[in-house]
1. Highest mean first, what order results for 99-106, 148-155 on Cβ atoms within 10 Å?
2. Please name which of 106, 69, 24 has its Cα lying farthest along the dipole of the chain towards the positive end, using unit charges on Cβ (Lys, Arg +1; Asp, Glu -1) and the Cα centre as origin.
3. Between the range 188-257 and the range 31-108, how many Å separate their Cα centres?
4. What is the distance, in nm, between label points placed 7 Å from the Cα along the Cα-to-Cβ direction at residue 210 and at residue 35?
5. What percentages make up the Cα-Cα pair-distance distribution of the range 57-112 when the bins are 5 Å wide from 0?
6. Among DSSP beta bridges whose residues both lie in the chain, state the antiparallel percentage, nearest 5.
7. Ordered by packing density, taken as the mean number of other Cβ atoms within 10 Å over each peptide's residues, highest first, how do 263-273, 80-90 rank?
8. When a/c reaches 1.5 or more, the comparison of a/b and b/c decides; with that in mind, is the chain rounded, prolate or oblate per its Cα gyration tensor?
Amino acid sequence: MSVRPTPAAVFSFSRVKTFAQCPLRYRYRYVDGLEEAFTSVEAALGTAVHAALEWLYAERGAGREPGPAEAVAAFDRAWEEATGPRVAVVRAGETVAVYAARGREMVARFAAGVFARDRSRTVALERRVSVRLAEDVVFTGIADRIGRTETGRLFVVDYKTAASGGAWPEHENGLQARLYAAALLAGHPQEDGVLAGFHYLASGETRWERVPRAAAPGVWARFLELAREALAATEFPARPGVLCAWCGFNHRCPAARVPEELSGGVTLARRRAGG
């Protein structure tokens, strides 16, 4: 199925990351405007958990202090909306119910721990940020939560349902954190720096990096370089690997390599395509 292609000049972090991981997947999604045949259950989990955490902070903003049980109920509502016939369990032997249980556990732990202790002030939730970097490139992204610490320092935090890694490689959290921080600095000229962080719900770990204003030009220059590399591409080779199993185009890609133990997505895609 075709969907409206993303405007050529509008680049998110996920767009440049997709090009770096697999140019063919990038072409299918961002150039041809094709819809992926399935959504992984991991993506659905992320959607539902984010919705529950957004609800928690919105409730606090309204003067209420919900507890873990209420947070889990909010997750369950979001989970029902996030799951459906397009959601695939990629890994053999796992079920939708297994992921739902993981989500409830993560949300309950966050509500009882991080949220209960948090004394920072929320500035915005799920805020879209956009910065025009050049005539041909606009950065856009959605910040999970923007706030200020008890001492008034501006921060942006993103919530991750995947396990925490070691270093922050450029095409993972490193560049993403700096992009959100640079976007906030563009809208807050009085700030000399922004804290950018990721909270890993599976481990309960939060990692922070301070991005000073002086670093923002370098962040934008690197993002421009990556975006223009994608814009200038005339060939889009496939880069098969383990991520093929989670790609919603794996049923049409001639180079896709999907092992049997990770075949839930491609099986659903073929069934939906009638093949």
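Read-outs throughout are calculated quantities, based only on the coordinates presented, and are distinct from any laboratory measurement. No experiment lies behind these values; they were computed from the predicted model shown. A quick note on method: Cβ atoms are made from the backbone with ideal geometry, for glycine too, and the neighbour counts reach across all protein chains shown.
1. 99-106, 148-155
2. Positive-end residue among those listed: 24.
3. So the two Cα centres are separated by 22 Å.
4. Output for this residue pair reads 4.7 nm.
5. Binned Cα distances yield the sequence 4, 17, 25, 20, 15, 10, 6, 3, 1.
6. Expressed as a percentage, antiparallel bridges in the chain total about 70.
7. 263-273, 80-90
8. Oblate, since a/c reaches 1.5 and b/c is not below a/b.
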